[in-house]
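The values are calculated or read from the model by the stated rules, or taken from the named source; none is laboratory data. Fair warning: this is a prediction, and the values are worked out from it, not measured in the lab. For neighbour counting, all protein chains shown are included, and Cβ atoms are generated from backbone atoms with ideal geometry for every residue, glycine included. Heavy atoms of the whole protein, side chains included, go into the accessibility calculation; ligands, DNA and RNA do not. Shrake-Rupley method; radii C 1.70, N 1.55, O 1.52, S 1.80 Å.
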Amino acid sequence: MQTERIVRENQSRYLKLLSNDELFANEEGRYSCFGAFDEDSREALGVLVAQILPAYIRIVKLYTLPKHRNRGVASTLLKLATDLPEELSLPFYAVVSGEEADPEFLTKRGFVKTDDRYSYLSGWLEDLEDLPRPQNLPSSARVLPADRVPYESLSDYVLSFGHDELLQFPEMKLDMNRFSDGSLVCTRDKEINAVLLMEELDEYIQISWIHCRDSRSLYQIFSVMKKALKSEYDPEAELRFLLCDNKGEEAIEKVFRYRERIPVHIYRLEKEVNHAGE
């Protein structure tokens, strides 16, 4: 088994193991991807995807092809990614959800579970409610794509309200490169009244953060979102709302009949653990 940094010249070997989102992020430098392959057949065995953030390094993905499991592929990739010089050391976090979680694998390699503050409310696009039409809206009320709102105004609004810097805003700022064109802002009299930040991923559509000052703004922004998504996606497209400490759940329940709550587990690598011999 050999390992390598995944770059444009060798990425064809790993196309079946990486999503389009991960490939694009790797090319743009937002992710760092590593692969393991068989030195004889040159076949890919597994991949690790990491994201270097201001306060920590996130293990985004650690995957081994089923037929190559129990051969030390994941352990080798994890050791490769986490063996950094002390002066470059940042804490490592692994984020796993639902059936992806493998606590035993992580804890045997020095990861410690930190908390259970996060979850997804998951359902289908068709589970968005038929929303009541907001009444008595002022003529100045508008819903705009987020990229049409001045960045400073949008950033000030988002960061002035409750937000999480581990999963929702790990860049410790509002990084609009991460969010899709479906992100929306509701304004009244040119003042921001609601914001919805969305990531349109390969596997599902994620609403990463939402804040509305009142129910009229909530219905207005969700009505526009629903219409836009229905024009692009099938009714069975999966929607996931990311929650921290269940904040915003009550508002989401007004507009979304979610089918499942998916727990999100956070594990931190304790650096003093010795990986030698694994």
(request) Name the residue, out of 271, 226, 230, that is at pLDDT below 85 and either at positive phi or not aliphatic (A, V, I, L, M) (or both). (result) 271
(message) I need a count of the residues in region 3-23 that are under 18 Å from the mean Cα position of the chain (by Cα) and among the acidic types (Asp, Glu).
(response) 2
(request) Could you grab me the full set of residues in region 55-73 that are surrounded by fewer than 21 Cβ atoms within 10 Å (Cβ to Cβ), more than 16 Å from the chain's Cα centre (by Cα) and either not in a loop (DSSP other than H, G, I, E, B) or not aliphatic (A, V, I, L, M) (or both)? (result) 63, 66, 67, 68, 69, 70, 71, 72
(request) Looking only at region 230-245, count how many residues are of a type in the set (A, V, I, L, M, F, W, C) and either open to solvent by 90 Å² or more (accessible area, probe 1.4 Å) or under 12 Å from residue 199 (Cα atoms) (or both). (result) 3
(request) Can you run down the residue pairs with Cβ atoms below 7 Å, 6 or more apart or on separate chains, where the first is in region 60-77 and on the phi < 0 side of the Ramachandran plot and in contact (Cβ under 8 Å) with a residue 12 or more places away in the chain and the partner is assigned to a helix (DSSP H, G or I) and surrounded by 21 or more Cβ atoms within 10 Å (Cβ to Cβ)? (result) 61/22; 62/74; 62/77; 62/78; 64/73; 64/74
(message) Checking the conditions here, which among 101, 81, 74 is among the small types (Gly, Ala, Ser), modelled with pLDDT of 90 or more and more than 25 Å from residue 229 (Cβ to Cβ)?
(response) 74
(message) Can you report the number of residues in region 164-196 which are closer than 21 Å to residue 58 by Cα and either of a type in the set (A, V, I, L, M) or open to solvent by 60 Å² or more (accessible area, probe 1.4 Å) (or both)?
(response) 8
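Check 160, 215, 155, 140 and return the single one that is free of Cβ contacts under 8 Å to residues at least 12 places away in the same chain and either over 21 Å from residue 258 (Cβ atoms) or open to solvent by 40 Å² or more (accessible area, probe 1.4 Å) (or both). Walk me through how you get there before you give the answer.
Numbers: 215 fails: free of Cβ contacts under 8 Å to residues at least 12 places away in the same chain; 155 fails: free of Cβ contacts under 8 Å to residues at least 12 places away in the same chain; 140 fails: free of Cβ contacts under 8 Å to residues at least 12 places away in the same chain.
Matching residue, one of 160, 215, 155, 140: 160.
Residues checked against (1) farther than 14 Å from residue 64 by Cα; (2) open to solvent by 70 Å² or more (accessible area, probe 1.4 Å):
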site	(1), (2)
5	yes, yes
9	yes, yes
17	no, no
21	yes, no
31	yes, no
43	no, no
46	no, no
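For (1) touching a His at 6+ places or on another chain (Cβ under 9 Å); (2) small (Gly, Ala, Ser); (3) in a loop (DSSP other than H, G, I, E, B), each residue gets a yes or a no:
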| site | (1), (2), (3) |
| --- | --- |
| 177 | no, no, yes |
| 180 | no, yes, yes |
| 199 | no, no, no |
| 211 | yes, no, no |
| 221 | no, no, no |
| 226 | no, no, no |
| 239 | no, no, no |
| 264 | no, no, no |
(message) For region 1-26, which positions are in a loop (DSSP other than H, G, I, E, B), closer than 26 Å to residue 176 by Cβ and of a type in the set (S, T, N, Q)?
(response) 19
